[in-house]
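J.: The structure is given below, and queries will be raised subsequently.
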Amino acid sequence: MEVSLSCPHCTKTVSVNSFQAQCPECLRSPFPFLLPNESLEQCPVCGCRDLYKHKDFNRNIGIGILIVGVVSAYWTYGISLLVVTALDYLIFRGVDSVGICYHCLTQYRGKAVAPLSEFNLTLHDHYRLVRENRAK
Ligand SMILES: [Zn+2]
Ligand SMILES: [Zn+2]
């Protein structure tokens, strides 16, 4: 499990590679809400029960491939378009999902991400408002 988070104690942005790890900045556990089975039913950092997953896919690479395909379509009689579509699909299928907490935006990479739901805009907006109100 690889986790990128803003530490709940010292608020520094850190990355750790297990739930047993300490925050490298303040040496405290950044996971006060970790469940005994290490599942992501709730966020181990903030205890929020809403997390989503999405493909850990670099959009810029995808767009770059697409541009190359479109530009060379003229000389390849459109064959390059088929190639980039297939390539895009293969890359997209091959990448792992990243799990993200709606509330604290911690990113999780690992097996526990699989059961999470897909992104939900309503929840996303709800938690954005929660964060903004807290910041005031
Ligand atoms: Zn810390
Ligand atoms: Zn969280």
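J.: Using 0.36 nm per residue of separation minus the Cα-Cα distance, give me the extension gain between Asn17 and Gln107 in nm, one decimal.
T.: Taking Asn17 through Gln107 to full extension adds about 31.3 nm, to one decimal.
J.: Could you work out Rg/(2.2 N^0.38 Å) for the chain, with Rg from alpha carbons only?
T.: Cα Rg divided by the expected 2.2 N^0.38 Å: 1.33.
J.: Separate question: About its Cα centre, what dipole magnitude does segment 1-85 give when the only charges are +1 on Lys and Arg Cβ and -1 on Asp and Glu Cβ, stated in debye to the nearest 20?
T.: 160
J.: Less than 12 Å Cβ to Cβ from Cys7, Lys/Arg counted +1 and Asp/Glu -1: what total charge do the surrounding residues give?
T.: +1
Where a number appears in this text, it was derived from the coordinates with a stated rule and is not lab data. Treat the numbers as computed from the prediction; the structure is a model and nothing was measured. Note that we place each Cβ from the backbone using ideal geometry, even for glycine, and neighbour counts take in every protein chain shown.
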